[in-house]
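Bear in mind these aren't lab numbers, they're just calculated from the coordinates by the rules spelled out. For clarity, every value in this text was computed on a predicted model and none was experimentally measured. Cβ atoms come from the backbone with ideal geometry, glycine included; neighbour counts cover every protein chain shown.
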Amino acid sequence: MTLSDIFTEVEIVTKIQDKLPKLFQIAELESQRAGKIGMEVGSIRERIIVSLLVYKFGEENVETELPITEPEN
């Protein structure tokens, strides 16, 4: 299984299209303060996507211990 399979397998794409918007909406609700969405919504969305990758590829194949302040290369 490769990363491109997530975007080409019809069954997986259908599940993602169904669940991802719902999960992102929950993330927005969880990060709201005084009716406004907080900046932490981005981090919550990242965790949702990483969880998807860990579920699909296994924890041993996904690097999850990256500090949030580490620069991207």
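Structure values in brief
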item: For the chain: relative contact order, % (alpha-carbon pairs under 8 angstrom, 6 or more apart); result: 18
item: Phi-based couplings in Hz for the stretch 17-29 (Karplus 6.51, -1.76, 1.60; Gly and Pro marked x); result: 4, 7, 8, 4, x, 5, 5, 5, 5, 4, 4, 5, 5
item: GluC sites (Glu not before Pro) restricted to DSSP loop in the stretch 24-64 with at most 12 other C-beta within 10 Å; result: E40, E63
item: Residues M39, M1 arranged by fewest to most Cβ contacts within 10 Å; result: M39, M1
item: Reach of K36 by Cα under 28 Å, taken over lysines that are not fewer than 8 positions away in the same chain; result: K19, K22
item: Low-density loop cleavage sites - chymotrypsin sites (Phe, Trp or Tyr not before Pro) in the chain, where at most 15 other Cβ are within 10 Å (DSSP); result: none
item: Calculated from backbone phi, Karplus (6.51, -1.76, 1.60) coupling profile of the stretch 46-62 in Hz, x at Gly/Pro; result: 4, 5, 5, 5, 4, 4, 4, 5, 5, 4, 6, 10, x, 4, 6, 9, 10
item: The chain: calculated mean residue ellipticity at 222 nm from DSSP helix runs of at least 4, using -39500 (n - 2.57); result: -19500 deg cm²/dmol
item: For I6, net neighbour charge (Lys/Arg +1, Asp/Glu -1) across residues whose Cβ lies under 12 Å away; result: -1
item: Whole-percent pair-distance distribution, where bins are 10 Å wide, for the alpha carbons of the stretch 3-59; result: 23, 45, 24, 8, 0
